[in-house]
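Enquirer: Take this structure, written in structure tokens, and hold onto it; I'll ask about it next.
Coordinate-derived values only; no laboratory data. Owing to the predicted nature of the structure, the values given are computational and were not obtained by experimental measurement. Using ideal geometry, Cβ is built from the backbone for each residue, glycine included, and neighbour counts are taken over all protein chains shown.
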Amino acid sequence: MSAADLDDVVHVEAGIYPFPWTHGNFADSLRSGYSCWVLRDGAGALQTYAIVMLALDEAHLLNLSVAREFQGSGLGWRTLEWVAQVSRGHGARTMLLEVRPSNPSRYASTSAMGSSASVYAAVLPGHRWREDAIVMRVTL
């Protein structure tokens, strides 16, 4: 991911989340030196993107999203596996991520990786309410 990708990333993000990250959130991630990736198809359409903060032997998956038109194709799962592999290559032994309980496909895919999970309340913004988060730790 580079600054040139941000308009497309923000557009996809706004199309799939009720409370999306802002252009500034993504720009800050790039400036902070987080590992940020995009995947585009042969025509240049943005399919998926991911942002990971690597610290010592742990990776924290901050955002992994699939454009609406590519959802349900297994691309999210393959991207998650790839991010885990890259993180492992950078010395990460575990990966943390937060999943909304209202996102059953994300929960199922991370559970399939053999993660442990705990729930903490009222941290992810929702429409007129705040949704709990399932915090998952995956051993890489």
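Enquirer: Calculate, for ASP41 and VAL135, the FRET efficiency according to 1/(1 + (r/R0)^6) with r their C-beta to C-beta distance and R0 25 Å; round to the nearest 0.05.
Expert: Taking R0 as 25 Å, the efficiency between ASP41 and VAL135 is 0.20.
Enquirer: Output the Kirkwood hydrodynamic radius of the stretch 1-97, Cα pairs only, in Å rounded to one decimal.
Expert: It is 13.7 Å.
Enquirer: To continue, here is another question. Calculate, in nm to one decimal, what THR94 and HIS11 gain on full extension: separation in residues at 0.36 nm each, minus their alpha carbon distance.
Expert: Contour length minus Cα-Cα distance gives 26.8 nm.
Enquirer: Under a point spin-label approximation (7 Å from Cα along Cα-to-Cβ), what is the GLU69-SER2 distance to one decimal in nm?
Expert: 2.3 nm
Enquirer: Report the local net charge at THR94: Lys and Arg +1, Asp and Glu -1, summed over other residues whose C-beta lies under 11 Å from its C-beta.
Expert: +1
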